[in-house]
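The values are calculated or read from the model by the stated rules, or taken from the named source; none is laboratory data. Bear in mind the structure is a predicted one, so any value in this text is a computation, not a measurement. With ideal geometry, Cβ positions are generated from the backbone for all residues, glycine too; neighbour counts draw on all protein chains shown. These accessible areas exclude ligands, DNA and RNA; they are computed on the full protein's heavy atoms, side chains included. Shrake-Rupley method; radii C 1.70, N 1.55, O 1.52, S 1.80 Å.
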Amino acid sequence: MGELTATNLFESQTILADHKDLIHDVAYDFYGERMATCSSDQYVKVWDSDGNGGWRLTASWKAHHGSVWKVTWAHPEFGQVIATCSFDRTAAIWEEVGDTAASGSEKGLRTWLKRSNLVDSRTSVTDVKFGPKHLGLLLVTCSADGIIRIYEAPDVMNLAQWTLQHEIPTKVSISCLSWNPSLSRVVHPPMLAVGSDEPNTTNAAASVQGDKTTACNGKVFIYEYSESSRRWTRTDCLSSVQEPVNDIAFAPNLGRSFHLLAVATKDVRIIKIEPIAESAASGNNGATVRFKCEVVAAFEEHYSCVWRVCWNLTGTLLASSGDDCAVRLWKMQYLNQWKCVAVFKNEPVPGDSPPQSRPHTTYIRMATMANPTHMPFH
Amino acid sequence: MNTSSFAVDSSRGKTVDAAKTFVLPDKCFQKHVGCAWGRGNKFTIYPRSQTVNKTPTDTADNKLLNIKQDILLFTPILRKLVNESNGTYLSLQKAAEAAKVSDNQVEFLKLSRQFRSIIRVCLENLQEAAAKAEGIEKNNLLSYITIFYSIECIWHLCEILYIDNIPGDIVLPYLLEWVRFHFPCHEQTAAQLLGACERGSEDHEDYWDTVVGMVVQGRVDVARALLKLHSAGESNEFKLVDNSLRSMPVYSVYGGISTGEFTISWKHWQAECRSKLSSRVLASQPKLELIMKIIMGDYSAFESIRSKYSSWFDILGGWVMFTAPWSRRHELGAAAAACAGMQATGRSHLDDMVRALLEGDLHQVIHEIQQISDNGWFATHLTDILFHCGKLTIMDKHQTNVTSRLRDSLILEYGCLLMEHKSLWSVGLSYLASCPPEGLRRAELILERMPVDTEAKAMKIIAEAKKYELIGVAQSVCRCMCARHLSAGRAGGALCWAMRGRSSAASSRAAHAALAHYTQHAVLPAQDLLLTAGSAMLLSDTLLFLGKYCDFHRLYKTREFKKAAQLLVSLITSKIAPEYFWETLLLDTLPLLESDEPVFTSNDTYEIMLCLELRSSSLDGEKADLLRLALARNLARTALAEGDGTEEGAQ
């Protein structure tokens, strides 16, 4: 029956990135019409969709003096702005200048100007993310020495000026972070999740436990901003994640009362974080429990370290990639169970080499669904 | 992606949905890979390594792979289907709303037929196109035809079993109609033979197959007419069979007899047939014997003809007719099992769907139809109509009713899918909007991210957003348009969008840009807009200042110098002008100071002088001196004139 069932047809397209070294991150802009790539070759490249499914390189420049780890786009309300972070201990803000609306074919390469260089970190800056736009123009960085820094551009017209608003030491190496995209400021205060890739040595565990308020072996921490104290505080530590974390991503909220956080660690995890009502929040010893956390899914299918987790726009599909060289798509069913719906894999046998890349390769044929004799008669 | 939305272990345990594995075309990913989602169903896979200190030299690891789902519904020829079914879907939602207060089954049936006729029209178009097409194109069209043909077939059966209002639930006439309509075997031969009306038609190679076919399809009259065309049609054997066929009792709800009475006469008739058969009078005519066996509902007879048909659906009608003509519509499971069991090999997907349908296992049916590669069109619309008809009840393992959740999830999926299309997105939006609250939240996310390539598209998005009261989206689109105009240096356009979006931050940004533009090019953008903006001017201080300044220009141009001067002084003294604009503002006083009639009072002049001294840094020396001179002269003139005035007043 398997082969008679219709399958989806996927189309793939290969782009020669032409980075001289490994690509570390690929980020789409708000509309999914532009794509930025960054690499160990210290370059950042920007690609524009040509409207027919093709991608055209429109900018390429040396952005840092070290491997560029991550690239991220600001909301288009603030213009065409990207931020990058690097092994060279800096994060940078870039703005595209010139007429971005003109269909760029006649323009050739576009110019991106470095508007600001954030040099506060003393170690490699491992991740950078713009905040949700309703909070203004915010940027958060994290670094290998475990300091989270939150910057703000008070005047969005002036991207050269960024003030360091908060500096949060975590005492563990931080590899990734994610903003909670929830729009409702009333219900959910600004929230960040950070993941640590600190290896599990006794030493590290001790140092974490040294932090008395949050004695916890977890690798994922939740920080929330308190309007009253004007501070970011660690409000939770997910004890369910004990292995080093490579990537972390909040799902779009869709008006739910809880948050979904995907974590790439030794497996793919989806964690439900449900805020507990204030009245019920105070536990023993005066310590408050802010959330009820529940691992709703843990998938071991990669059989190896998972590198990336990424939600689709509506948070209905999660893509994960791992050391097994496969990308898996996970989907939530209507009964709130998660299930793998597709796996994308390399050819396992190196012997029979598939045809060389063509611009468009349709490689999954659709099986006919029913007996061909069931065709209409007239 | 609608690969499958089910995770329920089915009763037959045959649907273990293993995730489909797709092999990537290039061998570009040897080590680790990363992935990033684009919009909709597009995502990128890229090679990746996190090893910090190693510098791999393998530059072959350098290809990005964009993966996107190919969506059948986006084929141009299917556009009509998508659009028209949307109309019917929306009518159905209205009908369902009305059905809450009164029974609306007739309306539902009408809409179900409407859906089917949409599919039929679509099939006709596909057939037309397939006749013209060639090669791969033709193959594709033919596979679409197969898909939509099966959809129509199942929908029809579903309509009979669940949506139609059948008197007494006696399903046989409807079932026969369904079989005849979708599996019109031998029909043409029969028509041909009857048309020719020649004796000795048995010479036609398909003669007997056709007669048996007609019997199996329940067309007893046609079968009898065909038998008369046999050269031995007048013989006793033929008359005997003809008699049996003629005298077969036909059950009808309106026949005025109860099922019990009917059963008696039916049994009697069968016994008669049996005695005829056992008398061996038909021994010389094996075909006639076969017919007699068939009408007596003999299993082995049916089994023997099964191989002549491509599927068991063909004989289903006959089987029900000759074994249990009083079957109600939910009693067809056994008949389906019997017919399907006649030939165990080669089960198709359509088989499974029809089986499940006849057994009344709608859950299984929906599960199966989700496997059809129509991107969920069928599953969504069928589930929706069954849900509204109240015929669908799906329980989870805790016996809670999750039917509406299933329906919602299908509609949401389908709506989101359509929103990815560059012109079908508003159709998708209507599906999402019919599924609040989550539908609207999803719509918000997607709508905001619709690529805006033209102003018209932006206006369209805003109009749609306002239609569904997604004000936040409308404003966000305006702000993004504003930012885009700003970065392109079009302050006028930016102002226009900022004011349309009623955004104070954006309008202040745009106003700054307009003022800055004026300081460089001495042209105020969007003057007409600013002079007619009304209350929108209050969005921000800068915008207000810009508006007033624009008004000053208007007064100056119409030579109302006194009013212009007053306005200018109020602008100077209110001190809301941005820093970079002071130079312009102060220099604007120059021509007014030099006018023939003094237009500034001495007090005004003092104020300007004060501002000039406070902000001497904003003017360079020569210009400042020039201004000072003009101010001094004006002060002298006005002081003299005012002095006269006061003296006169004093006297």
(message) I'd like the accessible area for B:SER201: 1.4 Å probe, protein heavy atoms, all chains in place, Å² to the nearest 10.
(response) 10 Å²
(message) Need one number: nm distance between label points at B:ILE257 and B:ASP221, each 7 Å from Cα along Cα→Cβ, rounded to one decimal.
(response) 2.0 nm
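Send over a whole-number figure in Å² for the accessible area per residue of the range B:278-430, probe 1.4 Å.
Accessible area per residue: 33 Å².
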(request) Would you mind calculating the relative contact order of chain B from Cα pairs under 8 angstrom and at least 6 residues apart, reporting the percent as a whole number? (result) 8 percent
(request) May I ask you to compute the full-extension gain from B:LEU614 to B:ALA641, defined as 0.36 nm times their residue separation minus their alpha-carbon distance, rounded to one decimal in nm? (result) 7.0 nm
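Treating the beta-carbon of each Lys and Arg as +1 and of each Asp and Glu as -1, no other charges, what is the dipole magnitude of the range B:559-651 about its Cα centre, to the nearest 20 debye?
Computed charge dipole of the range B:559-651: roughly 220 debye.
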(message) Order B:185-197, B:406-418, B:467-479 from most to least packed using the mean count of other Cβ atoms within 10 Å.
(response) B:406-418, B:467-479, B:185-197
(request) Using R₀ = 25 Å, calculate the FRET efficiency as 1/(1 + (r/R₀)^6) where r is the Cβ-Cβ separation of B:ALA632 and B:LYS562; round to 0.05. (result) 0.75
(request) Mind pulling up the Rg/Rh value for the range B:256-342? Radius of gyration and Kirkwood radius, both on Cα. (result) 1.00
(message) Heavy atoms of the protein only, probe of 1.4 Å, neighbouring chains included. What is the accessible area of A:HIS259 in Å², nearest 10?
(response) 0 Å²
(request) Once every Cα of the range B:112-205 carries one equal point scatterer and solvent is ignored, give the base-10 log of I(q)/I(0) from the Debye formula at q = 0.20 Å⁻¹, two decimals. (result) -0.97
(request) May I ask you to list the residues of the range B:427-447 whose amide nitrogen lies under 17 Å from a point 7 Å from Cα along the Cα→beta-carbon direction of B:ALA463? (result) B:427-430
(request) Excluding residues on the same chain fewer than 8 positions from A:LYS20, give the lysines whose Cα lies under 26 Å from its Cα. (result) A:LYS45, A:LYS62, A:LYS70, A:LYS107, A:LYS114, A:LYS129, A:LYS345, B:LYS27, B:LYS31, B:LYS42, B:LYS54, B:LYS63
(request) Compare the Cα positions of B:GLY87, B:LEU631, B:PHE581 along the charge dipole of chain B (+1 at Cβ of Lys, Arg; -1 at Cβ of Asp, Glu; about the Cα centre) and return the one farthest towards the positive end. (result) B:GLY87
(request) Mind jotting down the distance between the C-alpha centroids of the range B:114-163 and the range B:483-503, whole Å? (result) 48 Å
(message) Give me the residues in the range B:399-424 whose solvent-accessible area, probe 1.4 Å, is reduced by at least 40 Å² once all protein chains are included instead of the chain isolated.
(response) B:ARG405
(request) Please give, to one decimal in nm, the separation of the simple spin-label points placed at B:GLN527 and B:GLU622, each 7 Å out from Cα toward the Cβ. (result) 2.8 nm
(message) Largest first, please: the extent of the C-alpha atoms of the protein assembly as shown along each principal axis, to the nearest Å.
(response) 143, 81, 61
(message) Are there any residues in the range B:289-315 with a reduction of at least 40 Å² in accessible surface when going from the isolated chain to the assembly of protein chains? Probe 1.4 Å, please list them by number.
(response) B:SER310
(message) Taking the solvent-accessible surface of protein heavy atoms with a 1.4 Å probe, what is the per residue accessible area of the range B:469-557 in Å²?
(response) 39 Å²
(message) Between the range B:164-203 and the range B:246-276, how far is it from one alpha carbon centroid to the other, in angstrom?
(response) 22 Å
(request) Could you do me a favour and compute the accessible area per residue for the range B:87-219, 1.4 Å probe, result in Å²? (result) 43 Å²
(message) What does the structure give for B:432-439 when I average, per residue, the other chain Cβ atoms found within 10 Å of the residue Cβ?
(response) 1
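Once you list every other residue whose beta carbon is under 10 Å from the beta carbon of A:GLN42, what net charge do they have if Lys and Arg are +1 and Asp and Glu are -1?
-1
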(message) Ignoring ligands, DNA and RNA, please state the percent of accessible area on the protein assembly as shown from carbon and sulfur, probe 1.4 Å.
(response) 52 percent
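For B:ASP169 and A:LYS292, FRET efficiency with R0 = 56 Å and r from the beta-carbon atoms, rounded to 0.05?
0.65
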(request) Could you run the numbers on buried accessible area between A and B, total for both chains, 1.4 angstrom probe, in Å² to the nearest 100? (result) 10100 Å²
(message) Against the 2.2 N^0.38 Å scaling, with N counting residues, where does the range A:20-169 land? I'd like the Cα-based Rg ratio to two decimal places.
(response) 1.01
(request) On a C-alpha basis, how far is the centre of the range B:346-368 from the centre of the range B:310-334 in Å? Whole number, if you could? (result) 16 Å
(request) Specify the angular offset, from 0 to 90 degrees and rounded to the nearest 10, of the alpha carbon long axis of helix B:207-216 from the longest principal axis of the alpha carbons in chain B. (result) 70 degrees
(request) Using only Cα atoms, find the angle between the long axis of helix B:79-99 and the longest principal axis of chain B, and express it within 0 to 90 degrees, rounded to the nearest 10. (result) 90 degrees
(message) Given a Förster distance of 22 Å, report the FRET efficiency between B:ARG274 and B:ALA334 from their Cβ-Cβ distance, rounded to the nearest 0.05.
(response) 0.50
(request) For A:ASN217 and A:ASN158, compute 0.36 nm times the residue count separating them, minus their Cα-Cα distance, and round to one decimal in nm. (result) 17.1 nm
(message) With angles folded into 0 to 90 degrees, how steeply does helix B:286-295 sit against the dominant principal axis of chain B? Use alpha carbons for both and round to 10.
(response) 60 degrees
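Please give the contour-minus-distance gain from B:ARG79 to B:GLU579: 0.36 nm per residue of separation, less the Cα-Cα distance, rounded to one decimal in nm.
Gain on stretching B:ARG79 to B:GLU579: 174.3 nm.
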(request) For the range A:231-274, list whatever residues lose no less than 40 Å² of accessible surface once every protein chain is in place, relative to that chain by itself, with the probe at 1.4 Å. (result) A:LEU254
(request) Would you kindly calculate the translational diffusion coefficient of the range B:559-651, applying Stokes-Einstein with the Kirkwood radius from alpha carbon pairs, for 20 °C and a viscosity of 1.002 mPa s, and quote it in µm² s⁻¹ without decimals? (result) 157 µm²/s
(request) About the Cα centre of chain B, how large is the charge dipole given +1 on each Lys and Arg Cβ and -1 on each Asp and Glu Cβ? Please answer in debye to the nearest 20. (result) 1060 debye
(message) Could you compute the net charge surrounding B:GLY218? Neighbours are other residues with a C-beta less than 11 Å from the C-beta of B:GLY218; K and R count +1, D and E count -1.
(response) 0
(request) Check cross-link reach from B:LYS457 to the lysines: straight Cα distance under 19 Å, and skip same-chain residues fewer than eight apart. (result) B:LYS422, B:LYS466, B:LYS467
